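Below: the structure, in structure tokens.
Where a number appears in this text, it was derived from the coordinates with a stated rule and is not lab data. Since this is a predicted model, take the numbers as computed values, not measurements. Counting neighbours? That spans all protein chains shown, and the Cβs are built from the backbone with ideal geometry, glycine included.
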Amino acid sequence: MTHKRIKILYTIPNFNTAGSGKSVYDLVMGLDRTIFEPEVCCFHNKGAFYKEVEALGVKIHIFPFTTDYKPRMTFLARVLKISNFFKSNNYDLIHSWHWSSDISEPLAAKLSGIPYVYTKKAMGWESKFWKWRSYLSSKIIAVNQDMVTAYFSMMKNKVVQFPLAIDVQRYQPMEPSVSLKNELNIADDDFVIITVANLVRVKGVETLIEAIINLKNPKIKLLIVGDDSGDYPRELKQRYSAMDHIQFIGKQLDVRPYIGISNLFVIPTKDEGRREGIPNAPLEAMSMERIVLGSNISGIRDILNVFPDYMFQADNVLELEQKINWVMGLSEIEKKEVGKQMRQRVINVFSIEDFICRHQMLYREMVN
């Protein structure tokens with residue numbers, strides 16, 4: 001007798017970047033296909049990472065799984081259209097990776113009678129709709145401890161805490177690429193600092209740039225990897241373009257070669273706005289045995305809490321300068337040992353195997 005597989009729909013607005021898209025990719029690829037049947041729904045088929053997901057061979061729907069609240073007179077009719085889409089495909093469960101506080105999607109799931117879970121990936125609770133979204137959900141996945149404490153104390157029965165994860169086999173220690181170092185004009189005795197982030201103000205890249213300028217060390221080279229389109233990145237590049245030890249690399253689908261030529265990874269996110277949930281980039285660097293410095297805020301704290309000396313106060317340029325100097329002053333043996341400890345931390349707590357296992361257990365619990 002064959003058992004019906006659990007049919008799961010993953011909803012995500014787009015695959016413009018590999019952020020949340022990578023988590024969806026990992027889940028779709030890693031789920032036990034004898035038990036689960038995953039499908040994906042997004043708003044369009046554009047984006048650098050879309051083809052990666054398409055290559056997994058699962059069904060991908062291009063469908064607007066959310067709708068605007070206005071005009072209010074037609075809101076329910078539009079929600080029912082989404083609900084009918086969910087029902088017509090006979091889903092057993094919907095897992096949303098939408099970053100917003102939208103309530104139309106969970107309401108559509110509720111009307112269709114399909115269990116619904118969303119992953120709360122970033123800090124932020126300003127909109128009243130977050131509470132409504134949460135009350136409409138069957139379960140909520142919070143990616144860090146601060147979320148559970150700050151946002152979900154009144155609905156703890158609904159909340160599970162799963163950190164995001166990375167593939168530690170993909171992100172392994174690697175030898176620096178000589179050709180890439182030559183291309184970027186990096187000498188063997190340079191100390192290379194890297195940060196990987198889309199260039200928006202909350203990422204705090206200016207804090208890192210100012211710290212490096214203040215250090216006045218010509219051997220320090222900074223690589224800024226990430227989406228640098230838009231007004232703010234243009235302003236940054238104009239301000240610092242004359243400094244040849246600071247390079248804006250732009251968005252890269254594969255950041256490993258850049259991490260591979262670095263000595264230190266810094267994540268200087270501010271403690272404001274749409275802050276980190278569990279940022280992938282420092283986990284990738286740690287998994288490659290790179291030392292990571294990070295601002296002492298939600299999400300980053302979950303990653304570095306066993307390495308308290310490697311955190312600094314957000315926006316504190318002076319403290320970051322001191323931390324960089326301190327890391328540079330470590331012996332090569334000490335640097336290697338810290339790098340190994342950081343990789344082990346990722347293996348122990350943020351591995352993709354645990355990530356998939358936890359989700360599979362939750363899905364089975366939700367549909368039984």
TODO: Filter the trypsin sites (Lys or Arg not before Pro) in region 129-195 to those in DSSP coil with at most 13 other Cβ atoms within 10 Å of their Cβ, and list the result.
DONE: R170
Open item on the list: Counting only other residues whose beta carbon sits under 13 Å from that of V338, what net charge do I get with K and R as +1, D and E as -1?
Closed with: +2
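What are the trypsin sites (Lys or Arg not before Pro) within region 22-114 that DSSP puts in a loop, where the Cβ has at most 16 other Cβ atoms within 10 Å?
R33, K46, K59
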Task: Environment charge at W326 (Cβ cut-off 13 Å; Lys +1, Arg +1, Asp -1, Glu -1) - done: -2
Open item on the list: For Cα pairs less than 8 Å apart in space and 6+ apart in sequence, what is the mean separation divided by the residue count of the chain, i.e. the relative contact order in percent?
Closed with: 15
Task: region 178-349: C-alpha gyration tensor shape, a/c 1.5 cut-off, then a/b vs b/c - done: rounded
Open item on the list: Taking the alpha-carbon distance from K237 and a cut-off under 26 Å, which lysines remain once sequence neighbours fewer than 8 residues away in the same chain are dropped?
Closed with: K181, K203, K216, K219, K221, K251, K270, K323
Open item on the list: Within 11 Å, Cβ to Cβ, of P173, how many net charges do the neighbouring residues add up to if Lys/Arg are +1 and Asp/Glu are -1?
Closed with: +3
Task: Residues E210 and Q313, FRET efficiency given R0 of 22 Å [Cβ-Cβ distance, rounded to 0.05] - done: 0.95
- [ ] Quote the charge dipole size of the chain about the Cα centre in Debye, to the nearest 20; the model charges only the Cβ of Lys and Arg (+1) and of Asp and Glu (-1).
- [x] 1640
- [ ] List the residues whose amide H sits under 5 Å from the amide H of T67, counting only those 5 or more places along or on another chain, with H placed 1.01 Å from N in the peptide plane.
- [x] S104, E105
Open item on the list: For a test of the definition: using alpha carbon positions, the gyration tensor, and the 1.5 limit on a/c, classify region 297-345 as rounded, prolate or oblate.
Closed with: oblate
TODO: Would you mind ranking R343, R290 so that the residue whose beta carbon has the fewest other beta carbons within 10 Å leads the list?
DONE: R343, R290
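Contact order normalised by length for region 125-235, with contacts defined as Cα pairs under 8 Å and 6 or more residues apart; what percent is it?
For region 125-235, the relative contact order is 21 percent.
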Task: Unit charges at the beta carbon, dipole of the chain: most positive-side option, L330, A281, A242 - done: A281
Open item on the list: Give me, ordered by chain and number, the residues 5 or more places off I220 or on other chains with an amide H under 5 Å from its own placed amide H.
Closed with: F191
Task: Tensor-based shape of region 74-219 (alpha-carbon gyration tensor, a/c under 1.5 rounded, otherwise prolate or oblate) - done: prolate
